[in-house]
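Beneath this line is the structure, given in structure tokens, with notes to follow.
Nothing in this text is a laboratory measurement; each read-out follows from the coordinates by a stated rule. Note that the coordinates shown come from a computational prediction; the quantities given were computed from them, not determined experimentally. For neighbour counting, all protein chains shown are included, and Cβ atoms are generated from backbone atoms with ideal geometry for every residue, glycine included.
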């Protein structure tokens, strides 16, 4: 039987020139993109977590939330299920949703976090391989924990 074991993550704080910071797995590499976007690459797993940052402006929060939900539910055709896990941290003013996409969909996890006033960050996890959920499941579980850690440690500047 195939057994895939991954090293225990060692999280480190990521400070960027952008209005947010968070902790990420030290086994991953960070690639800064334009407009405060970030790609977190996991070369050993052939996976990337794509982060997109948007400013919350007058009257655009609803559309940002709808777009994030639509991105997650666009995978309904291939997904077996999409459990939602709300995230609320009023002390840090971080509110969001974590979507665990189960099945042979293009992405296995999507999320967003916001302070509802100024900041909105959403992310999507993709593997550089044809989706076969049974084969990548151990990596999916590992990377979903990294996403949870990111959501739990995000701070707005």
With label points set 7 Å from each Cα along the Cα-to-Cβ direction at residue 46 and residue 157, the distance between them in nm comes to 3.6
For helix 133-153, report the angle its Cα long axis makes with the longest principal axis of the Cα atoms of the chain; keep it between 0 and 90° and round to the nearest 10°. 30
Rounded to 10°, Cα long-axis angle of helix 61-73 versus longest principal axis of the chain: 10
With the crude spin-label approximation of a point 7 Å out along Cα→Cβ, what separation in nm comes out for residue 133 versus residue 29? 3.1
Can you show me the helix-derived [θ] at 222 nm for the chain, built from DSSP H runs with n ≥ 4 at -39,500 (n - 2.57) apiece and divided by the number of residues, rounded to the nearest 500. -7500 deg cm²/dmol
From the C-alpha gyration tensor of the chain, square roots of 5λ in Å: 25, 19, 13
